[in-house]
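To start, the structure itself, in structure tokens.
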Amino acid sequence: ITPWLAAVLVGNNPASEIYVKNKTKKFEALGLKTDLFRLNEDISEQELLSLIDKLNSDAEFHGILVQLPLPKHIDSEKVLNAIVPTKDVDGFHPENAGLLSIGKPRFIPCTPKGMMFILKHFNVDLNGKHVVVIGRSNIVGRPISILASLKELGNATVTLCHSGTKDLKYHSKQADVLVAALGSPEFVDASYIKEGACILDVGINRIERDGKSKIVGDVNQESVMGVASSLTPVPKGVGPMTIACLLRNTTISCKNRLIN
Ligand code: NAD
């Protein structure tokens, strides 16, 4: 039995195309299976929900991924909530978000899960540390703040900053571990961090520089160099770990099916 993911891509968003391609390529490279369901930009919400329904009841698939963003005429929340929680390998369904928040995760969203693996791999112990997260999205900022605060996982003291935060620098400068997940190119420079801080840069931003298109994170690498003790690079860093965790969640889903 091979873990098998159904990936749904709606429309022709170039960034989404790249994300889905990278994900399915990695599945194939490791001998796991993916089927890509490509749908036209103008598909109706009802048609998309019918496909999700079919994938939910198709025993072949252990995981379902709907690549975001969806076209404006489709209610993303409604679509994500339609995925049966036991196949929700992105961990976005309210049931899975709820399980995570009470410390009993089924599927941990892939990006924050990947960050926890990075910290573990490099022996960054969060216990008793102050973690400051910039960004409160349901897919990155909020779940990493929960993971870091859970007694069994991080046991850190956590501050969650967002667009309504007053004096962001005051908070970010307290961080032993700073998570930059605000989606603003090279926003965090040395003036935002304390000496010796460990920084996780989640941002993926495409910018034009010197007439060339370039991917940069939410952290200004040059500026924090020599002030931070460590920094995840962009590109690479958190991005590939997100894909690794999608593979892992799909494998967990497959194993769960065998056990149950
Ligand atoms: P989002 O737009 O949903 O959320 C951004 C958050 O940042 C919001 O909560 C907002 O309140 C906060 N914010 C924005 N500007 C701010 C400011 N000036 N000060 C304080 N808070 C501010 O974004 P997202 O989906 O969480 O993604 C964040 C970034 O991470 C993006 O660059 C995205 O491309 C990237 N991303 C990377 C991966 C990966 O695998 N590496 C995965 C998902 C997202």
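When PRO85, PRO94 are screened for being in contact with a Lys or Arg (Cβ under 8 Å, 6 or more places away or on another chain), closer than 25 Å to PRO3 by Cα and free of Cβ contacts under 8 Å to residues at least 60 places away in the same chain, only PRO85 passes.
Please specify each residue of segment 235-260 satisfying the condition of being part of a helix (DSSP H, G or I) and among the charged types (D, E, K, R). So that I can check it myself, show each step before the final result.
At the first step, the residues of segment 235-260 found to be part of a helix (DSSP H, G or I) are 238-259.
If the condition is that a residue be part of a helix (DSSP H, G or I) and among the charged types (D, E, K, R), then ARG248, LYS255, ARG257 are the ones that fit.
Can you name every one of the strands (runs of 3 or more DSSP E) wholly within segment 157-205 that holds 2 or more residues which are more than 8 Å from the ligand (Cβ to nearest atom), more than 22 Å from GLY239 (Cα to Cα) and open to solvent by less than 50 Å² (accessible area, probe 1.4 Å)?
Qualifying strands (runs of 3 or more DSSP E): 157-161.
Does ASN138 fit the bill of being open to solvent by 50 Å² or more (accessible area, probe 1.4 Å), away from the ligand (no atom under 12 Å from the Cβ) and assigned to a loop (DSSP other than H, G, I, E, B)? In short, no. The residue list PRO143, PRO105, PRO112 contains one member that is out of contact with any Gly (no Cβ under 7 Å at 6 or more places or on another chain), buried (at least 18 other Cβ atoms within 10 Å of the Cβ) and outside any helix (DSSP H, G or I), which is PRO105. Selection over segment 245-260 of residues that are buried (at least 16 other Cβ atoms within 10 Å of the Cβ) and touching a helix residue (DSSP H, G or I) at 6+ places or on another chain (Cβ under 9 Å) gives a count of 7. Scanning segment 59-84 for residues that are open to solvent by 20 Å² or more (accessible area, probe 1.4 Å) and either in contact with a Cys (Cβ under 7 Å, 6 or more places away or on another chain) or farther than 21 Å from SER16 by Cα (or both) yields ALA59, GLU60, VAL84.
Close contacts from segment 221-250, counting a first residue that is closer than 15 Å to ILE193 by Cα and a second that is among the aromatic types (Phe, Trp, Tyr) and not in a helix (DSSP H, G or I), with Cβ to Cβ under 9 Å and a gap of 6+ residues or different chains, come to SER230/PHE122. Kindly establish whether LYS173 is touching a strand residue (DSSP E or B) at 6+ places or on another chain (Cβ under 9 Å), charged (D, E, K, R) and more than 23 Å from HIS93 (Cβ to Cβ). Yes; evaluated as a whole, the condition is true for this residue.
The values are calculated or read from the model by the stated rules, or taken from the named source; none is laboratory data. This one's a predicted model, so the numbers in the text were calculated from it and none came from an experiment. Because the Cβ atoms are built from the backbone with ideal geometry, glycine has one as well, and the counts that use them run over all protein chains shown. Areas reflect the complete protein model, heavy atoms only, side chains present, ligands, DNA and RNA absent. Shrake-Rupley method; radii C 1.70, N 1.55, O 1.52, S 1.80 Å.
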